[in-house]
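Read the structure below first, then the notes.
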Amino acid sequence: MPRTHILALDQGTTSSRAVVFDQAGRQVAVGQREFTQHYPRSGWVEHDPLAIWASQWSTAVEALGKADLVPEDIAAIGITNQRETTVVWERDTGRPICPAIVWQDRRTADDCARLKADSVESLFTAKTGLRLDPYFSGTKIRWILENIDGARAKAEAGKLMFGTVDTWLLWRLTGRSVHATDATNASRTLLYDIHRGEWDDELLEILGIPHCMLPEVRDSSGVFGESMEGIPIAGIAGDQHAALFGQACFSPGMAKNTYGTGCFMLMNTGEEAVTSRNNLLTTVAWKIGGKIEYALEGSVFIGGALIQWLRDEMQLVRSAEECNQLAATVPDSGGLYLVPAFTGLGAPHWDPYARGAAFGMTRGTNRAHFCRAALEAIAFQSAELADCMVRDSGIGLKELRVDGGAVRSDLLMQFQADLLGVDVLRPREIESTAAGAAYLAGLGTGFWKSREEIEGCHEIERVFSPGRPSDDMAPLMAGWRKAVERSKEWES
Ligand SMILES: Nc1ncnc2c1ncn2[C@@H]1O[C@H](COP(=O)(O)OP(=O)(O)O)[C@@H](O)[C@H]1O
Ligand SMILES: O=P(O)(O)OC[C@H](O)CO
């Protein structure tokens, strides 16, 4: 019997998802499960690696069940994942030695500041395309080696394994036999030279991380191993890279923005690793057929999570939909700006000490204004990224492809188009991340033959065109920039 479907495992920050795709690239079933976030101290964010694994596994079972398929129907598995989140486990027992340190975690801010004072940031940036920020895995690994009893000795003796979440899932899926990652995930660790395409011994030495802990780095598309059910695992990419692929942004200058927990804008720059002069990151778009293609990236830490915060912590609304309905009852935010620097600020500000703030409140400020300001904040942050990207690449943005949970908000999409002054294209399947993982796995096994075939699977559901003159938008953007400046260096 021919294998007819691809299974994408999309391990996100707040939930694990499994999505089954058919040959036409259409989603036929989805399983999704949230798992617990742990905030043991201010600025710390942790996950239980076993909860990640259990939730991911159960969503796969759920999705196959919903699609009425058995493992023998699946041609390949693609894995895509929250990036940078750091897992360290024992080679022998498979037991994690501590909770996973999540990408949002700021515990290594002081370590990064010390490294900056040692003037090594330019070295890290030149090799990795990143910055010395607690966001990335490198200083998180060092924290574990220095703070978990016996970890350093065990690591040096080859008894510990490091992995980003893709590696952790791959290792479990293959019955603990394959310890590997792909070049996109490696490019988020601060340890990988994106130009040479290798782990970098000089950076490992500076951070005191033994090479033997690291996974082998492979292409993003191609067979990594087989799951215990005999399904080839044939594609791996960090979620933002997978979304770029899933949105068929295959040519230089094409860009996408994903509105999930955070917002991540990536622009394909082809074979050229463009160095940013505007505080963006240079990253691996994907590695296929042994060839690395690159992207510029702007990473905003809190996007859709601001809406969750209004719902869960502030209890201002019962759902994201209600937030949108309320926001639509007012013509504007009434001068209110919300800066969601809950875990510091990412691109282009890079301030781990910034904290969330609300500015411009008056006696007339109400719940609807908060909802509107929250949606607008997501768009303002993304507009700042687009501005930097255009200046860095020298390529004018022709359109922006969007995806992720928060693009369900028409109000947000329209406001984004108004701010950017270009069309915002929302695809039929807003889960581009999962689609990208599926495409990479499908290409890796011959299920799909070419990028052209994949382009044919990509359908636009709605185009939001700019509807307001730029003269209206410039003062709003100026107000946003003022608010951001005031939220900086709050905690020190
Ligand atoms: N209708 C909506 N309007 C605005 N935001 C929404 C809406 N629906 C979902 N969201 C936001 O989208 C985010 C979830 O998107 P998703 O792509 O699933 O995130 P992740 O992969 O980061 O877990 C949540 O933060 C949620 O608040
Ligand atoms: O889980 P997401 O979709 O918010 O993505 C997280 C990013 O990969 C972090 O860099």
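Dimensions of segment 107-195 along the principal axes, based on C-alpha atoms and rounded to the nearest Å, stand at 43, 33, 21, largest first.
Suppose every K and R has +1 on its Cβ and every D and E has -1 on its Cβ; what is the size of the dipole of segment 1-85 about the Cα centre, in Debye to the nearest 20? Before the final figure, lay out each step's value.
On the way: 7 positive and 10 negative charges, 31 e Å.
The calculated dipole for segment 1-85 is roughly 140 debye.
Considering only protein heavy atoms, what per residue accessible area in square angstrom results for the chain with a 1.4 angstrom probe?
Numbers: 18000 Å² over 492 residues.
Ligands and nucleic acids excluded, the result is 37 Å² per residue.
At full extension, Glu198 and Arg311 could sit 36.4 nm farther apart than now, given 0.36 nm per residue minus the alpha carbon distance. Put simply, when 342-348, 10-16 are sorted by average Cβ atoms within 10 angstrom per residue, most first, you get 342-348, 10-16.
With the highest mean first, a sort of the peptides 303-313, 436-446 on other beta-carbon atoms found within 10 angstrom per residue produces 436-446, 303-313. Of the residues Val61, Gly230, Ile97, the one whose Cα sits farthest towards the positive end of the charge dipole of segment 5-240 is Ile97 (charges of +1 on Lys and Arg Cβ, -1 on Asp and Glu Cβ, taken about the Cα centre).
Peptide packing for 164-172, 55-63 was compared via the average number of neighbouring C-beta atoms within 10 Å per residue; ordered from the highest value, the list is 164-172, 55-63.
Taking each DSSP H run with n ≥ 4 as -39500 (n - 2.57) and averaging over every residue of the chain yields -10500 deg cm²/dmol at 222 nm.
What you get for segment 5-240, charging only the Cβ of Lys and Arg (+1) and of Asp and Glu (-1), is a dipole of about 440 debye around the Cα centre. Taking only the alpha carbons of segment 306-438, we obtain Rg and Dmax values of 15.6, 51 Å in that order. The phi-based Karplus calculation (6.51 cos²θ - 1.76 cosθ + 1.60; θ = phi - 60°) puts the 3J(HN,Hα) values of segment 464-476 at 9, 9, x, x, 10, x, 4, 5, 6, 8, 4, x, 5 Hz, whole numbers, x for Gly and Pro.
Only Cα pairs under 8 Å and 6+ residues apart enter the sum, and on that basis the relative contact order of the chain stands at 15 percent. Given +1 at the Cβ of Lys and Arg, -1 at the Cβ of Asp and Glu and no other charges, the dipole of the chain around its Cα centre is 700 debye to the nearest 20. With 20 Å bins beginning at zero, the pair-distance distribution over Cα atoms of the chain amounts to 25, 59, 16, 0 %. Here the Karplus curve 6.51 cos²θ - 1.76 cosθ + 1.60, taken at θ = phi - 60°, turns the phi angles of segment 69-75 into couplings of 10, 10, x, 5, 7, 9, 6 Hz, with x standing for Gly and Pro. Across segment 437-489, Cα-Cα distances exceeding 16 Å account for 67% of all pairs.
Across segment 316-324, coupling constants 3J(HN,Hα) worked out from phi with the 6.51/-1.76/1.60 Karplus curve, θ = phi - 60°, read 7, 9, 8, 7, 5, 4, 4, 4, 5 Hz, and Gly and Pro carry x.
Length gained on full extension, Ala54 to Glu271, computed as 0.36 nm times the residue gap minus the Cα-Cα distance: 74.3 nm.
Expected output is a single nm value to one decimal: the length gained when fully extending between Met228 and Asp68, i.e. 0.36 nm times separation in residues minus the C-alpha distance. What is it? Write down the numbers at each step before the final one.
Working: separation 160, 0.36 × 160 = 57.60 nm, distance 1.97 nm.
Length difference between fully extended and current span is 55.6 nm.
A viscosity of 1.306 mPa s and a temperature of 10 °C, combined with the Kirkwood radius over C-alpha pairs in the Stokes-Einstein formula, give segment 5-240 a diffusion coefficient of 88 µm²/s.
Over segment 5-240, calculate the relative contact order: mean separation of alpha carbon pairs under 8 Å at least 6 apart, over the residue count, as a percent.
Values: 488 pairs, mean separation 47.6, N = 236.
Value for segment 5-240: 20 percent.
Database remark: amide H of Asp182 closer than 5 angstrom to the amide H of Arg218 (H placed geometrically; neighbours at sequence offset of 5 or more, or on other chains; Pro and chain starts carry no H).
The values are calculated or read from the model by the stated rules, or taken from the named source; none is laboratory data. The model shown is predicted, which means the values in this text are computed figures rather than measured ones. For neighbour counting, all protein chains shown are included, and Cβ atoms are generated from backbone atoms with ideal geometry for every residue, glycine included. The area values use the complete protein model at the heavy-atom level, side chains included, leaving out ligands, DNA and RNA. Shrake-Rupley method; radii C 1.70, N 1.55, O 1.52, S 1.80 Å.
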